[in-house]
1. Given the convex hull of the Cα atoms of the stretch 436-543, what is a quarter of its surface area in nm²?
2. Determine, for THR396, THR109, the number of other Cβ atoms within 10 Å of each Cβ, and report the residues in order from fewest to most.
3. Quick check: residue separation of ASN575 and THR357 times 0.36 nm, minus the Cα distance between them. What number comes out in nm?
4. Just subtract the alpha-carbon distance of ASN186 and GLU169 from 0.36 nm times their residue separation and send over the number in nm, one decimal.
5. Could you tell me the calculated FRET efficiency between LEU673 and ASP606, based on Cβ-Cβ distance and R0 = 30 angstrom, to the nearest 0.05?
6. Counting pairwise Cα distances across the stretch 553-673, what percent come out greater than 16 angstrom?
7. So what is the relative contact order of the chain, in percent, for Cα pairs below 8 Å that sit 6 or more residues apart?
8. Convert each backbone phi in the stretch 276-287 into a coupling constant with the Karplus relation 6.51 cos²θ - 1.76 cosθ + 1.60 (shift: θ = phi - 60°), then list the ³J(HN,Hα) values in order as whole Hz, x for Gly and Pro.
Amino acid sequence: MDNKKQEQLEQFKVDDSDKVLTTNHGLPLSEDEFSLKAGERGPTLMEDFHFREKITHFDHERIPERVVHARGTGVHGEFTLYESMANYTKAGFLQDPNVKTPVFVRFSTVAGFRGSADTVRDVRGFAVKFYTQEGNYDLVSNNMPVFFIQDAIKFPDFIHAHKPEPDTEVPQASSAHDTFWDFIVNNQESAHMVMWVMSDRALPRSFRMMEGFGVHTFRWINKEGKATFVKFHWKPVLGVHSLVWDETQKIAGKDPDFNRKDIQSAIDCGDYPEFELGVQLLPEEDEFKFDFDVLDPTKIWPEEDIPVKIIGKMTLNKNVDNFFAEVEQVAFHPGNVVPGIDFTNDPLLQGRLFSYTDTQLIRLGGPNFHEIPINRPVVPFHNNQRDGYHRMTINTSKVSYHANSMANNTPKTIPESEGGYAHYQETVHGSKIRERSDSFKDHFSQAAMFYNSMSEVEKQHIIEAFKFELAKVKCMDIRQQVVDMFGSINTDMMTQVAQFIGVNPPKTQQSVYEKVSPALSQENTVKKADTLKIGIIVSNGFDVNEYENIVTALTTAKAKPEIIAQSLSPVQDSNGNNHIPIYTLLSTDPVLHDGIIVLLGDQGCDTFQADVKRYINETFIHYKPLAVSNSASSLLNPKMKGQTGVTIIDNTNVQKMIDDISMHRHWKREVAL
Ligand code: HDE
């Protein structure tokens with residue numbers, strides 16, 4: 001194994017199968033079904049240490065969930081560099097393309113509780129821990145490049161407003177309620193981020209198909225001490241793809257673990273998710289050349305102005321062995337940096353540097369969480385910190401202080417030139433004030449740019465999202481304030497929303513910011529059929545030649561054909577051979593597939609036909625590719641024929657069907673069913 005983190009984790013793994021049952025103290029047990037009682041029908045005895053140990057451990061099994069990002073899943077992988085970044089940073093893991101750095105990544109939603117559904121409208125967390133030879137480096141990112149607030153002191157307020165309301169504890173994992181929108185209208189710096197959250201970016205098809213952004217401006221420092229501002233991007237090799245809102249709500253009921261299962265099963269099948277690491281680099285001397293403040297976390301650096309340089313690739317190739325030990329106990333912290341990476345004065349980043357360790361002290365029960373296997377660096381650590389709950393290391397030296405002569409003043413610091421971390425010596429001066437720079441006060445221009453950059457369909461989705469969210473807000477005054485606030489970003493957008501939610505059109509003037517950043521639109525993303533789940537509905541007697549052609553074409557395009565039938569009993573093809581279905585029409589659902597193909601032999605009973613029609617209709621209304629054999633074409637609604645992404649299969653058009661699948665969605669369907 002050439003993965004240092006996996007080697008380290010191996011030492012902690014325990015396989016309990018085929019072993020004798022013991023207490024936690026190693027005592028073999030003869031009985032685990034009955035507690036020790038005084039007589040067959042008598043009371044349980046205090047001396048039953050096994051009973052007490054077992055129940056006590058169970059009683060203490062739960063730890064607090066994360067106060068935000070509680071719902072998530074994690075996977076292992078590795079990162080390799082394409083070219084040395086030595087010109088910009090001395091970070092060890094960014095020097096040599098031959099070095100593989102182990103990583104652990106946790107993807108999450110933000111607002112929902114630990115057991116909430118995966119597909120809610122929300123930001124997604126994308127936290128990466130690099131286990132480097134200089135210690136752990138955490139790039140704790142989101143799938144959106146900006147944030148709701150500009151100063152960490154407002155984070156508790158924002159999260160209180162976003163989470164379920166305190167009197168009723170509803171709604172779960174949703175921003176469609178009064179307190180969220182009340183916060184937004186009273187904190188207008190949130191405008192840009194809200195545009196992202198109302199967009200399709202908040203509904204990722206898969207954790208494998210979303211971008212990641214470090215959000216803040218960080219600093220890279222090279223060996224000569226020269227600093228460069230840097231923003232981090234993760235670009236998914238499969239492109240950026242989303243579900244549609246109606247689908248996400250249905251999936252939340254049909255399969256609340258949808259995104260979690262998606263990445264776990266991709267890794268199980270060897271379809272390792274890949275993300276390229278990109279950086280936007282800005283020389284410090286260019287800090288003031290833009291019409292926004294480069295340290296403002298509610299602003300992006302448009303990719304067309306400051307290109308994203310792709311510098312390496314992360315491959316996620318291993319699922320966890322134990323969810324609690326690895327995913328629940330992993331502790332990220334934006335302050336885990338390595339030499340060559342430093343912070344800037346972004347006040348949101350500065351606040352985060354305090355919060356993460358603090359929250360882990362309560363969540364993981366004390367100061368020694370760095371000793372939990374998933375959090376340990378792959379390099380040794382030595383210092384004079386001692387004791388505390390759950391200390392595992394046995395430090396053998398008499399000396400636990402600095403400076404000392406008894407241990408030759410070790411552990412010792414080393415100079416920066418030899419790899420010791422030294423903070424970048426930025427010159428700072430000013431009075432102590434609680435204020436915000438004027439350069440942070442333009443809240444609407446980039447929000448408008450985001451909307452300007454969307455395709456017509458993406459714009460429509462944003463409008464629909466506002467309608468949905470605000471129709472759930474009970475207070476009319478807040479609805480009106482939202483319409484007025486976002487009317488300043490785009491009057492037309494909010495006029496449509498206002499009419500729908502029964503308030504007046506926006507009072508305010510539309511912003512005149514006309515800039516467009518094409519990189520923001522998902523229409524311009526990579527589109528391919530790789531790993532898309534295509535359900536093939538079959539019944540007895542289906543045409544085996546047609547089926548084989550289609551399956552070959554799908555697998556060549558790296559899509560995943562999955563047979564669906566009325567039951568799990570074998571289905572006979574036209575040659576009399578048996579095929580074992582993976583799903584029944586009941587055990588899966590059209591919203592759980594990226595496209596549906598119907599190849600019928602036997603036309604089946606009325607219920608079967610009604611079910612197949614439901615699959616066809618749902619696939620159609622969600623703009624997904626749909627193909628039917630001639631034998632099944634009578635189940636197609638006549639309005640669907642000739643619509644984009646709909647194929648009636650014959651010998652000549654299997655490739656067209658594959659091209660349709662590669663497109664993911666066919667927005668140009670103009671008919672409503
Ligand atoms: Fe976090 N955030 N955050 N956050 N955040 C946490 O730390 C916080 C912010 C992000 O999978 C907490 O260990 C403050 C931005 C991710 O374990 C907590 C502020 C970005 C995760 C915390 C922010 C993030 C967290 C809760 C405002 C994108 C999940 C549990 C200044 C760049 C990490 C924990 C995981 C988690 C604080 C804003 C990303 C409370 C105070 C901006 C991906 O410490």
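1. Working: hull surface 48.5 nm².
For the stretch 436-543, the mean projected area of the Cα convex hull comes to 12.1 nm².
2. THR396, THR109
3. 72.1 nm
4. Residue separation times 0.36 nm, minus the Cα-Cα distance, leaves 3.9 nm.
5. After rounding, the FRET efficiency stands at 0.95.
6. I get 61 percent for the Cα pairs in the stretch 553-673 exceeding 16 Å.
7. Taking the mean separation of contacting Cα pairs over the length of the chain, I get 12 percent.
8. Those phi angles translate into 8, 8, x, 9, 9, 10, 10, x, 4, 5, 8, 3 Hz.
Laboratory data are not the source of any read-out in this text; all were calculated from the coordinates shown. Keep in mind it's a predicted model, so treat the numbers as computed, not measured. Cβ atoms come from the backbone with ideal geometry, glycine included; neighbour counts cover every protein chain shown.
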